[in-house]
1. Give me the percent relative contact order of the chain, please, defined on Cα pairs under 8 angstrom at least 6 residues apart.
2. Sorted from fewest to most neighbouring beta carbons within 10 Å, what does the list Glu221, Glu12, Glu264 look like?
3. Which order do Ile85, Ile25 fall in if you start with the one that has the fewest other Cβ atoms within 10 Å?
4. Would you be so kind as to identify which of Gln30, Gly201, Ala151 lies farthest towards the positive end of the dipole of the chain, taking Lys and Arg as +1 and Asp and Glu as -1 on Cβ and the Cα centre as origin?
5. Highest mean first, what order results for 97-103, 367-373, 278-284 on Cβ atoms within 10 Å?
6. In nm, what is the difference between 0.36 nm times the number of residues separating Ala287 and Ser338 and their Cα-Cα distance?
7. Counting only DSSP beta bridges with both residues in the chain, tell me the antiparallel percent, nearest 5.
8. Among Cys15, Cys198, which comes first, then next, by fewest other beta-carbon atoms within 10 Å?
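Readers should treat all values here as calculations from the given coordinates under stated rules, not as data from a laboratory. This structure is a prediction, so every number in the text was calculated from the model and none was measured. When we count neighbours, we look across all protein chains shown, and the Cβ atoms used for this are built from the backbone with ideal geometry, even at glycine.
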Amino acid sequence: MKTIATFCRVCEPSCGLVAQVEDNIVQRLQPDRNHPVSQGFACHKGVNYLAIHQDPDRLDYPLQREGSRQPGEGQWHQQDWDSAIAAVGDQLAQIRDQYGADAIGGYIGNPTAFNALGSQGIGEFFMGIGSRRIFNSGTQDCSNKFAAGEAVFGTSTLHPLPDIDNTDCLLIFGENPKVSHMSFISIADPMAKIRAACQRGARVFYINPRRIESASPKTGEVIQILPDTDFYLMAALLHEIDALGRFNQAVLRDHSNHVDELREVIAPYSADSVADVVGLSAGDIRALADTFSAAKRASVHMSTGVNMGRQGTLCYWLLQMLSFVTGNLDREGGNFYSEGFYPAAKAGRARPDDSLFFSTRYGELRHIRGALPSNLLPDMILDDDNPV
Ligand code: SF4
């Protein structure tokens, strides 16, 4: 039996796994205790990956259908890869010649997005055939972060993350880490980090419409707001922090542009004016603003619950502003950007033609990180004039 170090590619942390292999067949898959980052952690998806690998329905080779396309009819025949790729290539070339490149669309899901060569290869492929009809799972739950990242930092892939190990106060909007493992943050076991932070005295608040599983006496408390009202709470927090005189003057002097415009935006949203909208008392909102801005080191994060709301992009902008004006952006215990293993921020640099809106029968659209909104893919497939 050979032991081979590998990793789980289902989501961002890429937790270390150890495979035991005999006669070229994986017999066991376990968390890798010696992995320097995940340190023996893998969630239920990672440890059960062997069941997917061994699933009898798993497709390990190309199948070609012949005869009727009706369900239950027609015949499937195994093909070798070279013939299958040649056949698909021929058909795509015919479609492109007859209907144009945009008749070919593509959807990129998470396992491909987290596959370094796969995501690169698909982008090149679509660029090569000239189609701009690419869709991805990111447009279903996090395009707002890419768009706001572009607007604030000039790149869709710069996302300052909370330094949970060193923070004294952490606000988590629209996210349930115990269930989701937090997105974008790439920590294998975020609840362990949150628990450790609370143990050394950090305050953790989950701003959420539900009493979520992550909250407990050892892991922080829920501040229960009305659904999809995060923008108003964030704006009120900024408003009240400013009223307390706690915008960090040195940071603003050295690093800010357009602070007057930010103040104009938050001016109408005092704690009193948003209290009924968000479902909290004005006193509770002011107390949260006080706790966050008085903390020596404070950090903030948001995820799907806010991303998929009506004002996800604005919220992500205000989230950066909460971190920035309190002097917590790009510092230990606050939110910072880690370069990781390749210069991701450079790769996501805003391309001028990508941010242009254009008119379509579905309304004004733009590409975000090269992709169109995936919720429109079915309509574009069924489109009478110019279908995918
Ligand atoms: S958190 Fe779970 S799904 Fe994500 S990489 Fe780790 S084991 Fe895989």
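1. Reported relative contact order: 18 percent.
2. Glu264, Glu221, Glu12
3. Ile25, Ile85
4. Gly201
5. The peptides rank, most packed first, as 367-373, 278-284, 97-103.
6. 15.2 nm
7. Antiparallel bridges make up about 55 percent of those DSSP assigns within the chain.
8. Lowest to highest Cβ neighbour count: Cys198, Cys15.
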